[in-house]
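**Student:** First, the structure itself, so that you have it in front of you.
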């Protein structure tokens, strides 16, 4: 990973073979908005919440990362990435969903906005999903 971080912004380039969203956990922040991302991915697993669990949809071929957004918060004092992506297939069709797993294929470039003074805490909810509870630090 190649990255630069200012007080409010993180710009990073992930290299071939690095894992998403795992690499975002290595940034050392638990309060950030994922605002942009492009590149290529392989071994992608998207998720769709069916009301009880994530239905996993693995993608067989490498895809273009067209968009990514979400946040990095914390659950039980551990960082947690919540990211959604839109990816493009070779036939120019697009798919989207919750990003469960992916491997960078060639490169991926992301921009994050850190949120000083804001805590993005997640707490378990009856739906089974961890709800977002933002607070001031």
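Quick note: the coordinates plus some simple rules give every number you see, no bench work behind them. Bear in mind the structure is a predicted one, so any value in this text is a computation, not a measurement. Cβ: placed from backbone, ideal geometry, glycine included. Neighbour counts: every protein chain shown.
**Student:** Given 0.36 nm per residue, what is the gain on full extension from residue 77 to residue 13 after removing their alpha carbon distance, in nm?
**Tutor:** Length gained, residue 77 through residue 13: 20.4 nm.
**Student:** Next up: Quick one: Cα convex hull volume of segment 84-137, Å³ per residue?
**Tutor:** In segment 84-137, the Cα convex hull volume per residue is 126 Å³.
**Student:** Still on this model: So for each of 91-102, 31-42 I average, over its residues, the number of other beta carbons within 10 Å; can you give me the resulting order with the highest mean first?
**Tutor:** For the peptides 91-102, 31-42, the packing ranking is 31-42, 91-102.
**Student:** Whole Å is fine, so just give me how far the alpha carbon centre of segment 1-47 lies from that of segment 58-137.
**Tutor:** Using only Cα atoms to place each centre, the spacing works out to 9 Å.
**Student:** Taking Cα pairs under 8 Å and at least six residues apart, what relative contact order does the chain come out at, in percent?
**Tutor:** 32 percent
**Student:** A further question on this structure: In nanometres, what is the gap between the two model label sites at residue 95 and residue 5, each 7 Å from Cα along Cα-to-Cβ?
**Tutor:** A separation of 3.3 nm, rounded to one decimal place.
**Student:** According to the square roots a ≥ b ≥ c of the eigenvalues of the Cα gyration tensor, what is the shape class of segment 36-137, taking rounded for a/c under 1.5, prolate for a/b larger than b/c otherwise, and oblate for the remainder?
**Tutor:** oblate
**Student:** Given the -39500 (n - 2.57) contribution per DSSP H run of 4+ residues, what per-residue ellipticity at 222 nm results for the chain, rounded to the nearest 500 deg cm²/dmol?
**Tutor:** So the calculated ellipticity at 222 nm is -500 deg cm²/dmol.
**Student:** For segment 44-96, report the % of Cα-Cα distances exceeding 14 Å.
**Tutor:** Tail of the P(r) past 14 Å holds 61 percent of the pairs.
**Student:** Then there is this: At 0.36 nm per residue, minus the direct Cα-Cα distance, what do residue 42 and residue 25 gain on full extension? Give it in nm, one decimal, please.
**Tutor:** Length gained, residue 42 through residue 25: 4.2 nm.
**Student:** Only counting other Cβ atoms within 10 Å, I'd like 60, 136, 109, 18 sorted with the fewest neighbours first.
**Tutor:** So the residues, fewest neighbours to most, are 136, 60, 109, 18.
**Student:** What is the spread of the Cα atoms of segment 5-45 along each of their three principal axes, largest first, in whole Å?
**Tutor:** 32, 17, 16
**Student:** Also: How much of the DSSP beta bridge set in the chain is antiparallel, as a percent to the nearest 5?
**Tutor:** Expressed as a percentage, antiparallel bridges in the chain total about 95.
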